[in-house]
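Some notes on the structure that comes next.
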Amino acid sequence: MIPFAVSFIGGLTAFHYLLFFPVSISALCISITAFLFIRQRTNKKKICIILLIFLSGFIYNFLRHTDIPENTVRLNSPSYFSARVVSLEGTVRDVPEVAGGKARFTLDNVYIEGKQIQGKVRLFLLENFLNNDMQWYVPVYGDRIRALTRLREPHLVRNPGVYSYDFKKDGIVALGYIKQMQFVGSERGVFSWIHNKRQVLGTIIDNSLSIENASLHKAIIPGLKRGITQHMRDAFSATGLAHLLSISGTHFGLLAFIIFKLIKMAVKSLPIRLLTKMTLYITPTQIAVIFTLPVLVMYALISGASTPTIRSLIMVFIYMLALFLGRKDQWLNSLSIAALIILLWQPEALFELSFQLSFIAVLSIGYVLERQSEHRTQDPVPDGTEQSTHYKKPLKTVYEKIKTGFLITSAAVLGTAPFVALYFKQFPFISPLTNLIVTPLVCFIILPLGFFTCFSALLLNLSILPFNRLTETVTYLTLKLIKIFSQIPYANFHIHNPSFLIIVLYFIALIFIVKSRFKWRFLPLTLIVCFYVVSPYLSLNKNMELTFLDVGQGESSVVKLPDNKVMLIDGGAIEPDMGRSVIAPFLWAQGIRDIDYLVVSHPHPDHYGGLIYIVNNFHVKEIWLNGRRTDDAEHFFQTIKEKKIQQRVLKRGDLIQAAGYEVYVFHPYDEFYAGSSRGQFSNENSDSLVFKIQTGGVSVLFTGDIEAEAEENIVHLGKWLKSGILKGPHHGGRTSSSGEFIKMVNPETAVISAGRDNPFNHPHEETVQRYHNAGIRLFRTDRDGAVSITSEKNSYSVETYQGSVLKKVNGLKDEIRNLLLLIR
């Protein structure tokens, strides 16, 4: 089955990437086909079958492939996504989860203003938005509701090397906060009953355990994960235990193991006469399988039957079926069959992280167990020692178990390391140890205890879990242990993005280790890892590299200066936290862990918000400020005070000189006061730092959020303002970027940072028109994603986000460009 599974997967992959690499894929297919026919001249029938399966995978992916549907509401009536409140009606299609006085749920079969839309809508219900005469009502699965809400279309933030969750892949085409809600009706059926029981179970767990402990049990039993705090997620991630927070193959496999062993032991404890008669027809192993599978199906249903859950169930189900048929050692064939079933059901799963991590981890673990089994079989027993080996010393047995466990966890970590690095930018060095200690605690104690107590509470109609104090204590101690591990220095190390070439070479080196008996077989892997680690420091580039990040409605720019120092200018908003979700991953992807200059243009939330996370997770050497403070920013200033980071207030006339560049500060100064008729917020905008970075013949002017009053104040600086590149003030608002200011700066290129479809309508049309009238090349993060600029002596090049991703090929030049991206 293994060659057939690999062939089918190859066909799916070939179709997926054909539009990006048509010549390369065609050449590779021809080369592999020729190689197979030359290598297997006597077995051409098998080769033909393999090629037929490859072609089947290609055609099957073509037939099943569907693009993410466009939002029909947006196309037909864009006003539905404006600031006005609209009426919608839909059916709840998940279990509403409540956290912090806010409920979240998803509607399907949605009508907006009486017109049906294609896709789902995710709604949030805030208690303080409800009218005083309305009760706090949380709907349940299957309820039909009518609501008044203000909708917005979900958008990705597009930055090179940074993963951004796409709501549309889950069919969600709109988000909104409910203003009013009315119950219309409800659907009843098996699925409604199951999901309502999940909701009841979540309430029982909340009533039985503390908030933090309850959030873990709700995540691993009914699959309700919204209660997990970011602090808990960080602790699990730093220790390599993030997989425990989502119901996966680990949970199913170990729960199946426990139930299987218990049932098998119970069967074997039957009276010998009854057992002997029974085994004439069925073995204890087969009985255990028959009773284990329904429990696993029940667990899958009560946990929500999500796509990853069903995949895990299929994997374990196939393995249990192999046990039933007496094919215990056919784990690779079982895994291949499971992969084929899953990919026939969902071909796109091949390119999802959860599928990749699950199967690579199982492959790695299976290989270790197989090798351990081979070693035990091959180890000779010296003459005269049969009696002693029959009674192994307990310490040696424990040692062997610990050794096997450590090898298993290490294999899983090494096998999945490239994907963890690519998506999460980290490598938890402590993971083999934590998985050896904590995973058994969670999967052999907490999971079974929670599983049986939760089902007992449901069956007996209890309001709290039985043995809840025991569950509370064990869970508390486990979470405490995870926190201790996460605080160990260098337990987790953030790393840069590996290129596609590095990933391929890494897996080739792993296969070489597995297949070869060569004395120096670990050398290729060692060399590849060493090259990967030092690669960010090999660049001799002395140019300035500037990236205007896409952080939604906010601003953040990363500057790599000619002396290899790093400057971070502003940090986007704190809700959502752009420091955590965009800026930190971007910096890690570039191999940056130290920030030499952290610049805060002015203390407004859309500029300093994401910097709190940055200050707490990076080594910041110096912070540049404008000398103004606001009440909203006190938490930020308190954080930098606690970190004892050197602060420097910049004023007009300051000059910072370094090797290859100068920084000129133009604004503000102590006596400046905007006195805007638009109020204090505009005054604070006009207090923004304005400075220019000059390197060679390239100059960039950063302007923060200055408005008309500040622009009028600095235009008299004349030629000092002249810059080739301008960061457009105040997100392109109409009160900034005056004609006189633009004329005085006289840029060739301008970049405006704004969020797509933001509530302020930034950038304003009249502002955009002023730039166009001046003949300036304008880039916008809301349309172009991140904008990267690289200086080249007296010139510079500009690349948008689209330049960092694969593009559909229209000619050989495009394919060469795509191939070059694979080695970047």
Measuring from the longest principal axis of the C-alpha atoms of the chain, the long axis of helix 353-378 (C-alpha) lies at a number of degrees, nearest 10, equal to 40 degrees
Computed over segment 225-316, protein heavy atoms only, probe 1.4 angstrom, the accessible area per residue in square angstrom equals 46 Å²
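Taking only C-alpha pairs under 8 Å that are 6+ residues apart, what is the relative contact order of segment 704-765 in percent? Write out the running numbers ahead of the final one.
Numbers: 85 pairs, mean separation 23.5, N = 62.
Relative contact order for segment 704-765 comes out at 38 percent.
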Computed over segment 181-321, the relative contact order (Cα-Cα under 8 Å, seq sep at least six) in percent reads 27 percent
Rounded to the nearest 10, the angle in degrees between the Cα long axis of helix 447-459 and the longest principal axis of the Cα atoms of the chain comes to 80 degrees
Rounded to one decimal in nm, the spacing of the 7 Å Cα→Cβ label points at PHE124 and TYR165 is 1.2 nm
Rounded to the nearest 10 degrees, the helix 22-39 long axis (Cα) sits at an angle to the longest Cα principal axis of the chain of 30 degrees
For LYS621, the lysines lying under 19 Å Cα to Cα, once residues fewer than eight places off in the same chain are dropped, come out as LYS560, LYS565, LYS641, LYS643, LYS644
The distance between the Cα centres of segment 550-627 and segment 7-33, in whole Å, is 41 Å
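With viscosity set to 1.002 mPa s at 20 °C, what whole-number translational diffusion coefficient in µm²/s follows for the chain from Stokes-Einstein and a Kirkwood radius over Cα pairs?
Working: Rh = 30.4 Å.
This corresponds to a translational diffusion coefficient of 71 µm²/s.
Pull out a ≥ b ≥ c, the square roots of the eigenvalues of the alpha-carbon gyration tensor of segment 664-790, then state rounded if a/c is under 1.5, prolate if not and a/b is larger than b/c, and oblate in the remaining case. Write down the numbers at each step before the final one.
Working: a/c = 1.61, a/b = 1.07, b/c = 1.51.
Cα axes put segment 664-790 in the oblate bin.
I'd like to check one number: the per residue accessible area of segment 578-634, probe 1.4 Å, reported in Å² as a whole number. Could you put the intermediate results ahead of the total?
On the way: 1690 Å² over 57 residues.
Value for segment 578-634: 30 Å² per residue.
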The distance between the Cα centres of segment 146-210 and segment 254-294, in whole Å, is 42 Å
Most packed first (mean Cβ within 10 Å per residue), the peptides 28-41, 775-788 order as 775-788, 28-41
hull vol. (C-alpha, convex hull) per residue for segment 208-309, Å³ -> 123 Å³
Karplus-derived 3J(HN,Hα) from phi for segment 160-173 (6.51 cos²θ - 1.76 cosθ + 1.60, θ = phi - 60°), whole Hz, x at Gly and Pro, runs x, x, 10, 7, 10, 5, 9, 4, 5, 5, 9, x, 8, 10
Of 811-817, 622-628, ordering from highest average Cβ density within 10 Å down gives 622-628, 811-817
For segment 199-293, the percent of accessible surface on carbon and sulfur atoms (probe 1.4 angstrom, ligands and nucleic acids excluded) is 67 percent
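Roughly to the nearest percent, how much of the accessible area of segment 1-57 is carbon and sulfur, given a 1.4 Å probe?
On the way: 2710 of 3620 Å².
For segment 1-57, the apolar C and S fraction of the accessible surface comes to 75 percent.
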Taking 0.36 nm per residue of separation between LYS277 and LYS515 and subtracting their Cα-Cα distance, the length gained on full extension comes to 81.1 nm
Rg (one decimal) and Dmax (whole number) from the Cα set of segment 648-739, in Å, equal 13.1, 43
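Once you have a ≥ b ≥ c as the square roots of the Cα gyration tensor eigenvalues for segment 436-562, tell me rounded if a/c is under 1.5, and otherwise prolate or oblate according to whether a/b is larger than b/c. Intermediate results must be reported in sequence, preceding the final value.
Details: a/c = 3.14, a/b = 1.66, b/c = 1.89.
Taking the square roots of the gyration eigenvalues as a ≥ b ≥ c, segment 436-562 is oblate.
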Computed about the Cα centre, the charge dipole of segment 583-670 from +1 Lys/Arg and -1 Asp/Glu charges at the Cβ has a magnitude in debye, to the nearest 20, of 180 debye
The pairs in LYS261/LYS483; LYS396/LYS519; LYS218/LYS480; LYS651/LYS793; LYS425/LYS807; LYS179/LYS225 lying past 22 Å Cα-Cα in this model are LYS261/LYS483; LYS396/LYS519; LYS651/LYS793; LYS425/LYS807; LYS179/LYS225
Here FRET efficiency (C-beta to C-beta, GLU712 to SER804, R₀ 41 Å, nearest 0.05) is 0.60
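Normalised by the number of residues in the chain, what is the relative contact order in percent for Cα pairs under 8 Å and 6+ residues apart? Walk me through the numbers on the way to the answer.
On the way: 1376 pairs, mean separation 76.3, N = 824.
Relative CO of the chain lands at 9 percent.
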accessible surface per residue for segment 131-200, probe 1.4 Å, DNA/RNA/ligands not counted, whole Å² -> 55 Å²
Of every hundred units of 1.4 Å-probe accessible area on segment 550-610, the number belonging to carbon and sulfur atoms, as a percent, is 51 percent
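Does segment 555-672 come out rounded, prolate or oblate by the C-alpha gyration tensor, with a ≥ b ≥ c the root eigenvalues, rounded set by a/c under 1.5 and, if not, prolate when a/b is larger than b/c and oblate if not?
Details: a/c = 1.73, a/b = 1.08, b/c = 1.60.
Because a/c hits 1.5 or more and a/b fails to exceed b/c, segment 555-672 counts as oblate.
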Checking rank on 365-371, 239-245, with mean other Cβ inside 10 Å and highest first, the result is 239-245, 365-371
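The values are calculated or read from the model by the stated rules, or taken from the named source; none is laboratory data. Predicted model, so just to flag it, every value in this text is computed and none were measured. Here the Cβ is made from the backbone with ideal geometry for all residues, glycine too, and neighbour counts use every protein chain on show. Quick note on the areas: whole protein, heavy atoms, side chains included, nothing else; ligands and nucleic acids left out. Shrake-Rupley method; radii C 1.70, N 1.55, O 1.52, S 1.80 Å.
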